[in-house]
1. Under 5 Å between amide H atoms, partner at least 5 residues away or on a different chain: which partners does residue 141 have, H built in plane at 1.01 Å?
2. What 222 nm value per residue comes from the helices of the chain, counting each DSSP H run with n ≥ 4 as -39,500 (n - 2.57) and dividing by all residues, nearest 500 deg cm²/dmol?
3. Over region 2-119, what is the relative contact order in whole percent, taking alpha-carbon pairs under 8 Å and six or more residues apart?
4. Calculate the dipole size of region 1-117 relative to its Cα centre from +1 charges on Lys and Arg beta carbons and -1 charges on Asp and Glu beta carbons; express the result in debye to the nearest 20.
5. Give me the number: length gained by fully extending residue 104 to residue 7, i.e. 0.36 nm times residue separation minus the C-alpha to C-alpha distance, one decimal in nm.
6. For residue 126, what residues show an amide H to amide H distance below 5 Å, using hydrogens built from the backbone and excluding near sequence neighbours?
7. Averaging over all projection directions, find the projected area of the Cα convex hull of the chain and quote it in nm² with one decimal place.
8. How large is ³J(HN,Hα) for each residue in region 28-33, as worked out from phi by the Karplus curve 6.51 cos²θ - 1.76 cosθ + 1.60 (θ = phi - 60°), to whole Hz, x for Gly and Pro?
Amino acid sequence: MKKFFNEFKEFATKGSVIDLAVGIMIGTAFNGVVNALVKDIITPPISIVLNSVNFSTLFLSLNGVSYPTLAAAQTAGAPILQYGDFLNTFISFIIIAFVIFLVIKHITYWRNRGTTKKVSPPATTKICPQCCTSIPLEAHRCPNCTSQLDSA
């Protein structure tokens, strides 16, 4: 039993598990920020363009009866599709995906900033197959061993 708890302690204190826990906590906090951003900053201008529509109150009654508000439909116990909440969630998802893209792109930029890819210049010489000396690419005969290099 002691071995089991020691193994669990070792697992729980590994760096990757702690990093994962920190990531989950930051993700949870970030979720609140994004939800507030969507609800309080992004949705209002969109609803102005769409004639003052509040996304969270958009719904479709499935029983064919028309209800003036979402609260009235819920009070009546009507079957409804709350597609407004879906729109808010979808907008939140797009924003989160975009922010994660920007963060990863920025991290990749900073990681690769110090490393430059070295591009080798095009070859200007070739090796003579007879004497293994370096000669110009345009040469048809080796200047060292005088062997014919190509038949063309």
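1. The list, which skips near neighbours in sequence, is 149.
2. Values: 5 runs with 77 residues, N = 152.
Theoretical 222 nm ellipticity from helices: -16500 deg cm²/dmol.
3. Working: 63 pairs, mean separation 23.7, N = 118.
Across region 2-119, relative contact order equals 20 percent.
4. Details: 9 positive and 5 negative charges, 139 e Å.
Rounded to the nearest 20 debye, it is 660 debye.
5. On the way: separation 97, 0.36 × 97 = 34.92 nm, distance 3.37 nm.
Computed gain between residue 104 and residue 7 is 31.5 nm.
6. The answer is 135, 137.
7. Details: hull surface 103.1 nm².
Average projection, Cα convex hull of the chain: 25.8 nm².
8. Going residue by residue, I get 5, 5, 5, 4, x, 5 Hz, with x marking Gly and Pro.
Read the figures in this text as sums done on the coordinates, not as results from a lab. On a predicted model such as this, the values are computed, not experimentally measured, just so you know. No Cβ is skipped: glycine too gets one built from the backbone with ideal geometry, and neighbour counts run over all protein chains shown.
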